[in-house]
């Protein structure tokens, strides 16, 4: 069954059969060729953190690599600070985020490299693969977390096939960005969320990978 605009679903990131992170999303569009979700600033999500029984590495990249290798993370709350419209297509190894400042002005583009999305009983599932591309509203792009991704690749946390697939996906989407192909060439500047949607909240079951 397709979701209706305004429904709230859960996005779970799964790593080694555990929920790595989770966030609520507001459904904007649910069509066969794409899904749109709204993630407003102020949304509380669950993120992985070093368990209290051992010392935290302190630096973000070191923490992420440590937790991916050990698999012993705990979850803490984190408040999302940039309002984003997620644009997803079936089979893509990335999501495109169109972002807005609190003033309503467009902040830019964010391309999140990730495993392809699949539906679950409570929403969608994927896994952030750490490499990202950021771009200004006029599509001037740069890498984000490229060093982090390379460290993960060098340590064998991701296999060579996955690393190659992510790099190829990044190159393909950068080409579409530079060519102003959809979704980049579409009129997102005038898009606004329904004020009635408010800020979504996580539902029960967000921490269950079996759903």
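The values are calculated or read from the model by the stated rules, or taken from the named source; none is laboratory data. This structure is a prediction, so every number in the text was calculated from the model and none was measured. Because the Cβ atoms are built from the backbone with ideal geometry, glycine has one as well, and the counts that use them run over all protein chains shown.
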Quick one: residue 3 ticks every box in (1) surrounded by fewer than 17 Cβ atoms within 10 Å (Cβ to Cβ); (2) in a loop (DSSP other than H, G, I, E, B) except a single one, so which number is it? (1)
Kindly establish whether residue 95 is in a strand (DSSP E or B), touching a strand residue (DSSP E or B) at 6+ places or on another chain (Cβ under 7 Å) and touching a residue at least 12 places away in the same chain (Cβ under 8 Å). yes
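Here's the yes/no breakdown for (1) in a strand (DSSP E or B); (2) surrounded by fewer than 21 Cβ atoms within 10 Å (Cβ to Cβ); (3) in contact with a helix residue (DSSP H, G or I) (Cβ under 8 Å, 6 or more places away or on another chain); (4) at pLDDT 95 or above:
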position: 14; (1), (2), (3), (4): yes, yes, no, yes
position: 22; (1), (2), (3), (4): yes, no, no, yes
position: 25; (1), (2), (3), (4): yes, no, no, yes
position: 30; (1), (2), (3), (4): yes, yes, no, yes
position: 38; (1), (2), (3), (4): yes, no, yes, yes
Tell me whether the range 54-61 contains one or more residues that are in a helix (DSSP H, G or I) and farther than 17 Å from residue 192 by Cβ. yes
Residue 153: passes all of (1) over 20 Å from residue 17 (Cβ atoms); (2) touching a helix residue (DSSP H, G or I) at 6+ places or on another chain (Cβ under 7 Å); (3) in a helix (DSSP H, G or I); (4) touching a residue at least 40 places away in the same chain (Cβ under 8 Å) but (4)
Within the range 121-150, the residues that are assigned to a helix (DSSP H, G or I) and either without any contact (Cβ under 8 Å) to a residue 40 or more places away in the chain or closer than 13 Å to residue 166 by Cα (or both) are 146, 149, 150
